[in-house]
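Shown next, in structure tokens, is the structure this report addresses.
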Amino acid sequence: MAHLLIAEDDELLRDGLRTIFTQAGHEVSTCVDGALAWAAIQTEAFDAVVLDLGLPHLDGFQVLARLRQRWPTLPVLILTARDGVEDRVAGLNAGADDYLTKPFNLDELLARVQAMLRRANLPAHANPSLPVAQSALRIDTDMPRAWIGQTAIDLTQREWELLRLLWTHLGQVVSREAVLAAWQTPDGDNAPLASNALEVYVHRLRRKLGDAPLNIRNVRGLGYLLETMPPHG
Ligand code: CA
């Protein structure tokens, strides 16, 4: 269980977020504007923050800037408008760990926040009680970088997108279509893909994961699933 702050001025969305995180077993505080969010952050201890960028009084950028000065590692996921590509980039540059563009799927948000919470417990903030498999992989959510233990793995943009998608859905099937959609980013490489391209990327990624206790399983007809494996021995 984690203590989450949700800062969102849209009442319907705020209620939806509160419900899904509460049902997932988290403790949730909500705020309707940026000034209240900043006040809450200073007075309560949160494990993660879901922050709408378009907030009254203080906007999400201002809250994020203040927060980062004092809490450099507190996980923050920002919510941006559909056409807010520049906002998304500015938010990531300002120190957000992840983002979702409205409208989004609540289950996806839940999965991303859970992944963010898992990563927060990974090295360098190692939690020795975490299973080896979950502490084996660390992914930069901003740049195409990832590490197995302390060793950086060399990833292309597409390999990283694929790995990030699988990792944020650890234990769940990710469909072919979801991977192809993730690759079709407005600022990404939209060159046409060969029909077997995804299989080729999965094959490469399996090799790059090497001895990490993680396996990418092909779920026939559905897609791919990243699963953890018991340590050798
Ligand atoms: Ca808003």
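Consider a paramagnetic label point 7 Å from the Cα of residue 152 along Cα→Cβ; state which residues of the stretch 66-96 have an amide N under 20 Å from it. In the stretch 66-96, the label zone of residue 152 (backbone N under 20 Å from the point 7 Å along Cα→Cβ) covers 93, 95.
Counting only protein heavy atoms and a probe of 1.4 Å, the accessible surface of the stretch 1-152 is 51% carbon and sulfur.
Accessible area per residue for the chain is 50 Å², calculated with a 1.4 Å probe on protein heavy atoms, without ligands, DNA or RNA. Using only alpha carbons, the stretch 3-122 has a radius of gyration to Kirkwood radius ratio (Rg to Rh) of 0.91.
For the stretch 63-127, applying the loop criterion from DSSP together with a ceiling of 13 other beta carbons within 10 Å to the trypsin sites (Lys or Arg not before Pro) yields 82. Of all DSSP beta bridges confined to the chain, the antiparallel ones make up roughly 50%. Computed from the Kirkwood radius of its Cα pairs, the Stokes-Einstein diffusion coefficient for the chain at 25 °C and 0.890 mPa s stands at 132 µm²/s.
The values are calculated or read from the model by the stated rules, or taken from the named source; none is laboratory data. Keep in mind it's a predicted model, so treat the numbers as computed, not measured. Backbone-built Cβ (ideal geometry, glycine too); neighbour counts: all protein chains shown. These accessible areas exclude ligands, DNA and RNA; they are computed on the full protein's heavy atoms, side chains included. Shrake-Rupley method; radii C 1.70, N 1.55, O 1.52, S 1.80 Å.
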